[in-house]
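The next block holds one structure in the form of structure tokens; read it before the comments.
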Amino acid sequence: MRSLVAATGIAILTALTGACTSAEDTKVPTAATATAADKGTPVEWAGMKSTTPADWKEVPPSNAMRKAQLAAPKAEGDKEDAEVVVFEFKGGGGVEANLKRQVATFQPNAGKDKVEEKQEKITVGGNEGVFQEVGGTLLKKAGGPFDPNAKVTPVAGYKQLYVVFETKDGITASAWLRGPEKTVEKHRKGFEQWVKNFK
């Protein structure tokens, strides 16, 4: 009888210990751990700052013209991440010249007679600018946009969200989210909010 009682007691203790361990393993993240997981990358742009969405990863700029560069994770089914790039130049050609340059980097998709483009006004930290959306076949240049020897690779089904403005100090500032259409749409809201948060 004593052996049976002892065995029963051990079984109950083991069950309680296991329940406690299980509860600890499935513990809900604290506010501190959740905040740490939500942190993005602070980016400086035309004298302003904004923090990116947490899932964008900062990467080394592919050429010296790029002030900052990040990768936005690809959507399911896409082969590549989208890239987020920030530019900032004294002068820089102005808003209209930059908008035309973006359209020139695309060709119409198969079956289309022109590159898809939309524009709307936007304000970034008090600076009046333009939000442009371009879609089609991207003429991707491996060596940079002004390299005469750069290899050009047409990539169909691409989209670019582009913001450009001029500051009172004469700086032309621009940024894009560019990549496969599905991936760009996945990050559209994050990009738009990131741009609006620059102060």
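What follows is calculated from the coordinates using simple rules that are stated; it is not laboratory data. Every value quoted in this text rests on a predicted model; they were computed, and no experiment measured them. All Cβ positions, even for glycine, are placed from backbone atoms using ideal geometry, and neighbour counts span all protein chains on display.
Rounded to whole numbers, the Karplus 3J(HN,Hα) couplings from phi for the stretch 88-97 are 7, 9, 6, x, x, x, x, 5, 4, 5 Hz, using 6.51 cos²θ - 1.76 cosθ + 1.60 with θ = phi - 60°, and x at Gly and Pro.
Centroid-to-centroid, using Cα positions, the stretch 81-109 and the stretch 134-199 are 6 Å apart.
Rounded to whole numbers, the Karplus 3J(HN,Hα) couplings from phi for the stretch 112-123 are 9, 9, 7, 6, 6, 8, 9, 9, 8, 6, 8, 10 Hz, using 6.51 cos²θ - 1.76 cosθ + 1.60 with θ = phi - 60°, and x at Gly and Pro. Each Lys or Arg adds one and each Asp or Glu takes one away; over the other residues whose Cβ falls under 9 Å from the Cβ of residue 86, this sums to 0. Can you work out the PRE-style zone for residue 182? Point 7 Å along Cα to Cβ, and I want the residues of the stretch 73-92 with backbone N under 15 Å. Flagged as within label range: 73-82.
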